[in-house]
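Each value in this text was obtained by applying a stated rule to the coordinates, not by laboratory testing. Everything quoted here is computed from the prediction, not taken from an experiment. A quick note on method: Cβ atoms are made from the backbone with ideal geometry, for glycine too, and the neighbour counts reach across all protein chains shown.
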Amino acid sequence: MSDDPPDIYIKSFDSFLLKTFRKNVIGNKNWPNNPNNGWVLPDNWHSSINDIVRTLIVVKYLDGVQFIIDNIKSLCEQNALTPNIFLEAREEGYYAAHLYVRGEFEIPRIDWDTDKVDISIEIQVTTQLQDVIRKLLHKYYEEGRKQVMGDDMKWQWDYKSDEFAANYLGHILHYVEGMMVEIREKQKENRYETGVRRLS
């Protein structure tokens, strides 16, 4: 979408602390015992939270997501890095690719010395339409992530709820984006076939 380098974001401490709470409590199915991957505490939280440093790349069309992923993966391999890649498709209508690359960074300690810590950098890749929806609904999603949702709560049947409108909007846009790319590819195929017939 732009030739400018993507912005680098540093997670705010409030958001960082909330994420440790979500990992330790809200998303902990073993509560009150420790989560499956252990407690996220000050002595390990820099390496446990995977998006302290992150960036976002916005592409115009859905097939651009895979194009960017392939190129970042190639760059990582050239620099002896192994990215972890997740194509997010959540029930709540959120769609984006998340790539994580780990590296060693120096973190200041309370005594002004530093520790070398293995930290993950997050690169999100999303489409223009999904980015617009993300910006519109970000506050709503953040509020929802602070709550413990019971298994009996089915937003899919509560058509008057905010969840119903917001979540299905994300799904509908993802479907529309897929159809746009498919139509464009069919047009290219038709032009190619027409050109071949003219040459033969």
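Fewest to most neighbouring Cβ within 10 Å: what's the order for 102, 109?
Working: 102 15, 109 9.
In order of increasing Cβ crowding within 10 Å: 109, 102.
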Sort 54, 191 by Cβ crowding within 10 Å, fewest neighbours at the top. 191, 54
List the lysines whose Cα lies under 29 Å from the Cα of residue 23, skipping any in the same chain that are fewer than 8 positions away. 11, 73, 116, 135, 139, 146, 154
Given contacts defined as C-alpha pairs under 8 Å and at least six residues apart, what's the relative contact order of the chain, whole-number percent? 21 percent
Does region 96-137 classify as rounded, prolate or oblate by the C-alpha gyration tensor (a ≥ b ≥ c root eigenvalues; a/c under 1.5 gives rounded; else a/b over b/c gives prolate, otherwise oblate)? oblate
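Evaluate the relative contact order of region 1-90 (contact order divided by residue number), counting alpha-carbon pairs under 8 angstrom at least 6 apart; express in whole percent.
On the way: 51 pairs, mean separation 28.1, N = 90.
Relative contact order, region 1-90: 31 percent.
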Identify which of the listed values of semi-axes √(5λ) of the Cα gyration tensor in Å was calculated from the structure shown: (i) 25, 22, 16; (ii) 36, 26, 14; (iii) 34, 17, 15. (ii)
Would you mind telling me which residue in 24, 167, 71 has the biggest mean-square fluctuation in a Gaussian network model of the chain, where springs connect alpha carbons within a distance under 10 angstrom? 71
What distance in nm separates the two pseudo spin-label positions at residue 63 and residue 106, each 7 Å out from Cα along the beta-carbon direction? 4.7 nm
Can you give me the distance in nm between label points at residue 184 and residue 84, each placed 7 Å from the Cα along the Cα-to-Cβ direction? 3.1 nm
